[in-house]
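Structure, as structure tokens:
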Amino acid sequence: MSDYKNAADAFAAWGVDTDTALERLKSIPISMHCWQGDDVVGFEKKSGNSGGGIQATGNHPGRARTPDELRADLEFSYSMIPGNHRLNLHAMYLDSDETPDRDAIEYKHFEPWVEWAKTQKIGLDFNPTFFAHDKADDNLTLSHPDQGIRDFWIEHGKRSRDIAAHIGREMGSACVNNIWVPDGYKDIPVDRLAARKRLEASLDAMTAPSHDKAHLLDAVESKLFGIGVEACTVGSHEFYLGYAIRKQMLLCLDMGHFHPTENIADKLSAVSLSLDRILLHVSRPMRWDSDHVILLNDDILAVAQELVSADLLERTSIGLDFFDATISRTAAWVIGTRNMQKALLRAMLQPLSQLKKAETGLDFTSRLMMTEEMKDLPYGAVWSEFCNRMDVPNGLHLIRSLEAYQASVTERGV
Ligand SMILES: C[C@H](O)[C@H](O)[C@@H](O)C(=O)CO
Ligand SMILES: [Mn+2]
């Protein structure tokens, strides 16, 4: 008997159908972030120092330096990941001979990405870029006290929404446009409310033009703190939770944007009662928002468990947000994306109705016995079967493919 048949029988004994889980997993797109491929550098002529409190560290060779290199790296990475996925583009990754400033970007500057995405059969998401620009060097953008600077960024945000809506229309699939601004203060501010009112007014102005939700889904991303803005982040969790509910937008929960012992897994069911859709930035903070490549660890498993148990998969856009320049960038994409899928698979292989019945009946002993015994089930054989069915390598074959690709891009240098 094959390993998969043995595994399917083991799960069937728990009342779980592995084929159903594999079919379901196949239908879940993960939005892979373009910025892992080049250490969040982008393809503009740079004008500012501000990293917005985010930082890629390392000097591993092979960084993509052009849109063509990035696309080649993405094509390879998608070929190592089972299923059909999405690409999450940032505005600073335009592909054009023109050099528009952020307040002058247009759809045409991103059209090569759309044409490529169509050939690859992947979806596209978008983000305005409110950092790495001289008008962001105060670590204030949409909440800047200077009306001129706010207007510049409002225009950037409006144009990004137009571009995202155009992309969504072209692709026949709603484009999630995620708004994250780095705004905050290094030391304790005396008037937090004024800054938050300015941010709110700018967001209102930026999102006033209406777009069809079939093409554009607006999302807002909160944060606790960043390097250089330790005392106060204007767009905090409470700020955006309220804003997203009032404006019926997606709330983006980034796993690195909370206190170190908080896991967003616990927040999903809570916010789902007040929001139609949620956006995730799946990441791995280590002591701070360090954006390490995600592991198949308890934090990710807990998020996947909640998505499945609370039946939130249809209402959640799963995006990734990590960047590590000390390792192969394509391997980082592949490992992280597959780990997200493995976590979802494990969640789908739970005997949920039995577990929920034990919990409702206050039989916490049975719940604990089941969750612990289930850890010994043969998840690996089910994942291998998924890779076989989706025609992607696994185990040592995967490692060899990742190594061979990395060797082929090493000459690019850092
Ligand atoms: C590049 C992204 O927009 C960025 O990582 C943002 O999503 C974030 O999480 C900032 O800490
Ligand atoms: Mn993020």
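FYI, it's all coordinate maths here, none of it is from the lab. A quick note: this is a predicted structure, and the numbers were derived from the prediction, not measured. Cβ atoms come from the backbone with ideal geometry, glycine included; neighbour counts cover every protein chain shown.
Just checking, how many residues over the stretch 107-147 are of a type in the set (Ser, Thr, Tyr), in contact with a helix residue (DSSP H, G or I) (Cβ under 6 Å, 6 or more places away or on another chain) and not in a loop (DSSP other than H, G, I, E, B)?
Going residue by residue through the stretch 107-147, those that are of a type in the set (Ser, Thr, Tyr) are 107, 119, 129, 141, 143.
Pick out the ones that are also in contact with a helix residue (DSSP H, G or I) (Cβ under 6 Å, 6 or more places away or on another chain) and you get 107, 129, 141, 143.
Checking the rest, the ones that are also not in a loop (DSSP other than H, G, I, E, B) come to 107.
Adding up the residues that qualify gives 1.
Here are the criteria: (1) surrounded by fewer than 23 Cβ atoms within 10 Å (Cβ to Cβ); (2) in contact with an Asp or Glu (Cβ under 6 Å, 6 or more places away or on another chain). Tell me which single one PRO209 does not satisfy.
(2)
Could you please find all residues in the stretch 163-184 being away from ligand 1 (no atom under 16 Å from the Cβ) and of a type in the set (Gly, Ala, Ser)?
ALA165, GLY168, GLY172, SER173, ALA174
Conditions (1) under 20 Å from PHE386 (Cβ atoms); (2) away from ligand 2 (no atom under 16 Å from the Cβ), marked per residue:
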residue	(1), (2)
ILE264	no, no
GLU306	no, yes
THR326	no, yes
GLN341	yes, yes
ALA347	yes, yes
ALA358	no, yes
ASP363	no, yes
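Every residue, every condition in (1) closer than 25 Å to GLU403 by Cα; (2) surrounded by fewer than 17 Cβ atoms within 10 Å (Cβ to Cβ); (3) more than 20 Å from the chain's Cα centre (by Cα); (4) small (Gly, Ala, Ser), yes or no:
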{"site": "GLU69", "(1), (2), (3), (4)": "yes, yes, yes, no"}
{"site": "PHE76", "(1), (2), (3), (4)": "yes, no, no, no"}
{"site": "LEU87", "(1), (2), (3), (4)": "yes, no, no, no"}
{"site": "PRO100", "(1), (2), (3), (4)": "no, yes, yes, no"}
{"site": "ASP103", "(1), (2), (3), (4)": "no, yes, yes, no"}
{"site": "GLU111", "(1), (2), (3), (4)": "no, no, yes, no"}
{"site": "THR141", "(1), (2), (3), (4)": "no, no, yes, no"}
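What's the total number of residues in the stretch 213-233 that are part of a loop (DSSP other than H, G, I, E, B) and within 16 Å of ligand 2 (Cβ to nearest atom)? Even if it seems obvious, please write down each step before you answer.
Step one: list which residues in the stretch 213-233 are part of a loop (DSSP other than H, G, I, E, B), which gives 213-215, 222-225, 227-228, 230-231.
Filter once more, so that each one left must be within 16 Å of ligand 2 (Cβ to nearest atom): 222-225, 227.
The total comes to 5.
Quick one: is MET1 surrounded by fewer than 16 Cβ atoms within 10 Å (Cβ to Cβ) and of a type in the set (A, V, I, L, M, F, W, C)?
Yes, satisfied.
Say whether the condition of being in contact (Cβ under 8 Å) with a residue 24 or more places away in the chain, closer than 21 Å to ASP291 by Cα and within 14 Å of ligand 1 (Cβ to nearest atom) is met by at least one residue in the stretch 185-193.
Looking through the stretch 185-193, none of the residues is in contact (Cβ under 8 Å) with a residue 24 or more places away in the chain, closer than 21 Å to ASP291 by Cα and within 14 Å of ligand 1 (Cβ to nearest atom).
Which members of the stretch 170-205 meet the condition of being in a loop (DSSP other than H, G, I, E, B) and either farther than 23 Å from ALA244 by Cβ or among the aromatic types (Phe, Trp, Tyr) (or both)? Give the derivation first.
The first filter runs over the stretch 170-205 and keeps only residues in a loop (DSSP other than H, G, I, E, B), leaving 172-174, 180-183, 186-191.
Answer for the stretch 170-205, where residues must be in a loop (DSSP other than H, G, I, E, B) and either farther than 23 Å from ALA244 by Cβ or among the aromatic types (Phe, Trp, Tyr) (or both): GLY172, TRP180, LYS186, ASP187, ILE188, PRO189, VAL190, ASP191.
Mind listing whichever residues of the stretch 303-333 are more than 16 Å from HIS281 (Cα to Cα) and in contact (Cβ under 8 Å) with a residue 60 or more places away in the chain?
ALA325, THR326, ILE327, SER328, ARG329, THR330, ALA331
Restricting to the stretch 4-38, what's the tally of residues that are closer than 22 Å to LEU70 by Cβ and surrounded by fewer than 21 Cβ atoms within 10 Å (Cβ to Cβ)?
The qualifying residues number 1.
Count, please, the residues in the stretch 225-248 that happen to be of a type in the set (Val, Ile, Thr) and buried (at least 19 other Cβ atoms within 10 Å of the Cβ).
Residues meeting the conditions: 3.
Give the residue, chosen from LEU251, LEU216, that is more than 16 Å from ligand 1 (Cβ to nearest atom), touching a residue at least 24 places away in the same chain (Cβ under 8 Å) and buried (at least 19 other Cβ atoms within 10 Å of the Cβ).
Values: LEU251 fails: more than 16 Å from ligand 1 (Cβ to nearest atom).
After applying the criteria, what remains is LEU216.
If you go through the stretch 280-299 one residue at a time, how many are within 13 Å of the chain's Cα centre (by Cα) and either more than 17 Å from MET32 (Cβ to Cβ) or more than 16 Å from ligand 1 (Cβ to nearest atom) (or both)?
Adding up the residues that qualify gives 0.
List every residue pair whose Cβ atoms lie under 8 Å apart, where the two residues are 6 or more positions apart in sequence or sit on different chains, the first residue falls within the stretch 255-281 and is part of a loop (DSSP other than H, G, I, E, B), and the second residue, located anywhere, is of a type in the set (Gly, Ala, Ser).
Cβ pairs passing all conditions: MET255/SER283; GLY256/SER283; GLY256/SER290; HIS257/SER222; ASN263/ALA302; LEU275/ALA244; ARG277/SER317.
Name the single residue, out of those in the stretch 162-184 being buried (at least 21 other Cβ atoms within 10 Å of the Cβ) and either more than 16 Å from ligand 2 (Cβ to nearest atom) or over 18 Å from VAL220 (Cα atoms) (or both), that is farthest from the chain's Cα centre (by Cα).
From the stretch 162-184, those buried (at least 21 other Cβ atoms within 10 Å of the Cβ) are 163-168, 174-184; that's our starting set.
Then drop every residue that is not either more than 16 Å from ligand 2 (Cβ to nearest atom) or over 18 Å from VAL220 (Cα atoms) (or both), which leaves 163-168, 174-175.
Working: ILE163: 19, ALA164: 16, ALA165: 19, HIS166: 21, ILE167: 18, GLY168: 18, ALA174: 16, CYS175: 13 Å.
Applying the filter and picking the extreme gives HIS166.
Could you look through the stretch 282-294, keep only residues that are assigned to a strand (DSSP E or B) and not polar (S, T, N, Q), and pick out the one that is farthest from ligand 2 (Cβ to nearest atom)? Walk me through how you get there before you give the answer.
Applying the first criterion (assigned to a strand (DSSP E or B)) to the stretch 282-294 yields 282, 284-286, 288-292.
From the residues that got through so far, the ones that are not polar (S, T, N, Q) too are 282, 284-286, 288-289, 291-292.
Numbers: VAL282: 9, ARG284: 12, PRO285: 11, MET286: 15, TRP288: 13, ASP289: 8, ASP291: 8, HIS292: 13 Å.
Result: MET286.
Scan SER269, SER274, SER222 and give me the residue that is buried (at least 16 other Cβ atoms within 10 Å of the Cβ) and either under 26 Å from GLY168 (Cβ atoms) or more than 15 Å from ligand 1 (Cβ to nearest atom) (or both).
Being buried (at least 16 other Cβ atoms within 10 Å of the Cβ) and either under 26 Å from GLY168 (Cβ atoms) or more than 15 Å from ligand 1 (Cβ to nearest atom) (or both) holds for just one of SER269, SER274, SER222, which is SER222.
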